Amino acid sequence: MRKYTWMLMLVLVAMVAGTTAWAQSEGKAEVGFNLGWTFSDGVTADSPVLAGDGNLYDRVDPKDSFSWGLTGEYLVNPKMGIGFRFDQQQSKLEISGPAVNREIGDMKIQNYHGIFSYRFGHEDSKTQPFIQVGIGATHFASVSFTGANGAQLSTGGVTKFSGTLGGGVKFYVSPKVGVQGLVNWTPTYIKSDSEGWWCDPFFGCYVVGNAQYANQFEMGGGVFFRF
């Protein structure tokens, strides 16, 4: 994950360096900490898989669970900001099939996103609605579990490209301290399933795929500090 973090930070530094002279002299920084609850879903298999316990499984999902996050943001002007957002969901991995649902083990889901935000309302208002959008990566951590034969196994971790979109309301308790409520959606591309062939008289025939995404819907709130 270090390479993704450093790549995003380099992009943000370049963006800050390219802002106007006003932004360099008047810009401010905000650092926040959030707690929340994340609703998650996963993906389905192309066809049911017969596991060692004798059951058929065709779906993998993270469980809905507690989450927390950190955000650092530089205000290039009173309305717009750029920054970095980290979120971690303390989830569990589940597999399910037509007649069974099984919890495999604990799984952390970590999001790393460079973000752009826009604020509405007057810059001196204590209440400021905002929206934010970001791009980056989501890491599904390795899950350790006991197999049907009693052996200790592991799924292995995986990192995928993802985006994030959200918004909320900031309320300034003082010029330097505030609280906020937010909602956030993070879709992560996992795989594509073949849906058959599509033929065109100009471009010929090719396989059409159905993309599958793992989605995280976060609701939370927290505190932030302005410097």
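The values are calculated or read from the model by the stated rules, or taken from the named source; none is laboratory data. A quick note: this is a predicted structure, and the numbers were derived from the prediction, not measured. In this analysis, Cβ positions are derived from the backbone assuming ideal geometry, glycine residues included, and neighbour counts consider all displayed protein chains.
What the table below lists for this structure:
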quantity	calculated
Those residues of the range 43-62 which are under 27 Å from the mean Cα position of the chain (by Cα), surrounded by fewer than 17 Cβ atoms within 10 Å (Cβ to Cβ) and of a type outside the set (A, V, I, L, M, F, W, C), in sequence order	T44, D46, D58, R59
Yes/no for W68 being within 23 Å of G167 (Cα to Cα), buried (at least 16 other Cβ atoms within 10 Å of the Cβ) and at pLDDT 90 or above	yes
Unique residue being touching a Lys or Arg at 6+ places or on another chain (Cβ under 6 Å), over 21 Å from V158 (Cα atoms) and in a strand (DSSP E or B) when the list is I115, I95, I82	I115
Qualifying residue in the range 118-126 (condition: surrounded by 15 or more Cβ atoms within 10 Å (Cβ to Cβ), assigned to a strand (DSSP E or B) and at pLDDT 90 or above)	yes
Residues within the range 51-71 that are out of contact with any Lys or Arg (no Cβ under 8 Å at 6 or more places or on another chain), under 30 Å from A29 (Cβ atoms) and not aromatic (F, W, Y), tallied	1
Pair list, Cβ under 9 Å, 6 or more apart: the range 180-205 residue closer than 22 Å to G167 by Cβ, other residue at pLDDT 55 or above and outside any strand (DSSP E or B)	none
Qualifying residue in the range 46-59 (condition: of a type in the set (S, T, N, Q) and closer than 19 Å to F140 by Cα)	no
Condition met for G72 (of a type in the set (G, A, S) and either in contact with a Pro (Cβ under 9 Å, 6 or more places away or on another chain) or outside any strand (DSSP E or B) (or both))	no
Selection status of F86, surrounded by fewer than 20 Cβ atoms within 10 Å (Cβ to Cβ), in contact with a Pro (Cβ under 6 Å, 6 or more places away or on another chain) and either closer than 22 Å to G220 by Cβ or without any contact (Cβ under 8 Å) to a residue 40 or more places away in the chain (or both)	no
Single residue of the range 89-117 satisfying the filter (within 12 Å of the chain's Cα centre (by Cα) and of a type in the set (S, T, N, Q)) that is surrounded by the most Cβ atoms within 10 Å (Cβ to Cβ)	Q89
Boolean, G168 is outside any loop (DSSP other than H, G, I, E, B), crowded, with 17+ Cβ neighbours inside 10 Å and either modelled with pLDDT of 85 or more or touching a helix residue (DSSP H, G or I) at 6+ places or on another chain (Cβ under 6 Å) (or both)	yes
Filter result (assigned to a strand (DSSP E or B), hydrophobic (A, V, I, L, M, F, W, C) and surrounded by 18 or more Cβ atoms within 10 Å (Cβ to Cβ)) within the range 127-159	F130, A137, F140
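Quick grid of which residues meet (1) farther than 24 Å from P187 by Cβ; (2) hydrophobic (A, V, I, L, M, F, W, C):
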{"site": "L35", "(1), (2)": "no, yes"}
{"site": "N55", "(1), (2)": "yes, no"}
{"site": "F66", "(1), (2)": "no, yes"}
{"site": "E73", "(1), (2)": "no, no"}
{"site": "V76", "(1), (2)": "yes, yes"}
{"site": "Q88", "(1), (2)": "no, no"}
{"site": "E94", "(1), (2)": "no, no"}
